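Data block below; observations after.
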Amino acid sequence: MDIPTSPRETVVITGGGGYFGHRLGCTLYKMGVSVVLFDVRKPEQDLPDGIQFIQGDIRSLSAVEEAFCNAACIIHTASYGMSGREQLQTQLTEEVNVNGTENVIQACINKSVPRLVYTSTFNVVFGGQSIKNGNESMPYLPLNRHADNYSRTKAIAENRVLKSNGQQLANKSGCLRTCALRSAGIYGPGEQRHLPRIIRNLDQGLFIFFYGDHNNLVQFVHVDNLASAHILAAIGLTDVKNHIAAGQAYFIADAIPIDNFQFFRPFIEGLGYKFPSVRVPLFFIYFMSYLTEWLHFLIRPIYNFQPLLTRAEVYKTGVTHYFSIDKAKKELGYEPKSFAMQEVVEWYRVRGFGNKVKKVKSSNFLWDLVVFFLLVVVLLAWVPSVVGLSL
């Protein structure tokens with residue numbers, strides 16, 4: 001892939017300390033681009049000599065402006081609240097995803113950075129409704145219909161990024177060109193968020209059933225396909241491509257939709273765990289996750305436990321939603337490659353992950369279970385009293 005920039009030009013990646021930001025930065029660096037990673041935490045992985053890391057908080061405009069000095073393109077991947085208990089944090093999610101994105105836009109204008117690529121998500125249009133082969137003409141999901149703060153704030157942030165397209169830069173050299181890439185769930189060797197959580201649940205013996213319709217179809221995207229799409233989007237904002245991507249949103253995924261649980265089956269069995277055979281109705285899992293969220297809200301000040309699933313995660317894994325990637329193919333030249341789950345299995349296996357056939361320390365889970373059922377008892381006792389008062 002050729003990228004129409006010179007080694008003198010700099011690409012700054014916000015969220016560069018994360019799994020995807022680091023991988024994207026390394027890919028760009030190998031292509032001869034000067035790369036700066038900006039994040040509150042350093043990457044867990046080693047940084048190649050030549051990639052600069054700047055530690056800073058995206059919620060600080062001055063810190064963002066300092067990182068953006070002399071940049072030719074910003075790839076904004078930083079976000080908060082994607083999964084688990086983070087989804088239930090309102091204030092921090094708003095500060096990072098909305099206010100942080102506003103800082104990125106303003107810093108681009110103030111520092112005259114001409115290109116901004118925003119890493120978005122399927123969730124800006126999806127909120128539990130079945131979607132088959134959706135496309136970019138779909139409207140945003142109404143904000144009050146989002147089941148989690150992450151999806152709601154990502155929709156707000158994406159909208160502001162796209163609306164900022166065409167704003168004049170401070171040095172009056174031109175205008176800001178922006179686009180958004182709506183990513184499917186990311187997987188790949190070394191993924192740090194979802195796959196380790198799956199392994200922990202497997203180790204605790206919690207993955208004993210799956211749920212949803214037999215024909216449930218969703219999409220995923222390999223980290224290298226997503227990196228390729230971002231590089232193509234950055235190119236699509238240049239004069240070379242007549243700014244074809246400016247002001248546009250694109251769905252990015254691997255080519256073929258697949259059943260969520262069958263997608264992970266090679267990963268689960270490859271690490272030596274047993275794949276469950278019992279299917280549970282979706283509504284039951286949704287109801288349990290709803291109660292779990294209420295439990296988390298009530299006792300978070302004294303015990304900030306990790307929910308097994310949130311409502312948004314139930315939607316993402318149990319409800320059909322997949323999108324056409326034709327627009328990205330046609331306008332950006334995006335062509336997703338095929339990747340085998342075996343490479344992911346091998347990465348984790350080499351590092352000691354997998355079924356050790358040993359007694360599991362499940363005290364934390366048992367405590368979660370006890371507290372959960374106590375909440376259910378309280379709710380069942382409270383509901384009749386409320387009904388009696390209303391009568």
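Among the residues of the range 200-207, is any part of a strand (DSSP E or B) and either surrounded by fewer than 20 Cβ atoms within 10 Å (Cβ to Cβ) or not acidic (Asp, Glu) (or both)? Outline the logic, then answer.
Kept after step one, since they are part of a strand (DSSP E or B), are these residues of the range 200-207: none.
Scanning the range 200-207, I find no residue that is part of a strand (DSSP E or B) and either surrounded by fewer than 20 Cβ atoms within 10 Å (Cβ to Cβ) or not acidic (Asp, Glu) (or both), so the answer is no.
Could you list, in sequence order, the residues of the range 296-314 that are assigned to a helix (DSSP H, G or I) and farther than 16 Å from PHE209 by Cα?
Residues of the range 296-314 that are assigned to a helix (DSSP H, G or I), as a first pass: 296-299, 311-314.
Once the filter is applied, which keeps residues that are assigned to a helix (DSSP H, G or I) and farther than 16 Å from PHE209 by Cα, the range 296-314 yields HIS296, PHE297, LEU298, ILE299, ARG311, ALA312.
Only one of these conditions is not met by PHE209: (1) modelled with pLDDT of 90 or more; (2) touching a strand residue (DSSP E or B) at 6+ places or on another chain (Cβ under 7 Å). Which number is it? Unmet for PHE209, out of (1) modelled with pLDDT of 90 or more; (2) touching a strand residue (DSSP E or B) at 6+ places or on another chain (Cβ under 7 Å): (1). Look at the range 283-311: where a residue is among the hydroxyl-bearing types (Ser, Thr, Tyr) and a partner is surrounded by 14 or more Cβ atoms within 10 Å (Cβ to Cβ) and not in a helix (DSSP H, G or I), sitting 6+ places away or on another chain with Cβ atoms under 6 Å, you get SER289/LEU309; SER289/THR310; THR292/PRO307.
VAL221 - would you say it is of a type outside the set (Gly, Ala, Ser), buried (at least 18 other Cβ atoms within 10 Å of the Cβ), assigned to a strand (DSSP E or B) and in contact (Cβ under 8 Å) with a residue 40 or more places away in the chain?
Values: of a type outside the set (Gly, Ala, Ser): yes; buried (at least 18 other Cβ atoms within 10 Å of the Cβ): yes; assigned to a strand (DSSP E or B): yes; in contact (Cβ under 8 Å) with a residue 40 or more places away in the chain: yes.
Yes; evaluated as a whole, the condition is true for this residue.
The residues in the range 109-168 that are among the polar types (S, T, N, Q) and closer than 30 Å to THR10 by Cβ can be counted, and the count is 11. Residues of the range 290-338 that are among the acidic types (Asp, Glu) and either touching a strand residue (DSSP E or B) at 6+ places or on another chain (Cβ under 6 Å) or under 24 Å from PRO196 (Cβ atoms) (or both): GLU293, GLU313. When the residues of the range 190-218 are filtered to those that are touching a residue at least 12 places away in the same chain (Cβ under 8 Å) and of a type in the set (Lys, Arg), which remaining residue is nearest to ILE325 (Cα to Cα)? Going through the qualifying residues, I end up with ARG193.
The values are calculated or read from the model by the stated rules, or taken from the named source; none is laboratory data. No experiment lies behind these values; they were computed from the predicted model shown. As a convention, Cβ positions derive from the backbone with ideal geometry for all residues, glycine included, and neighbour counts pool all protein chains shown.
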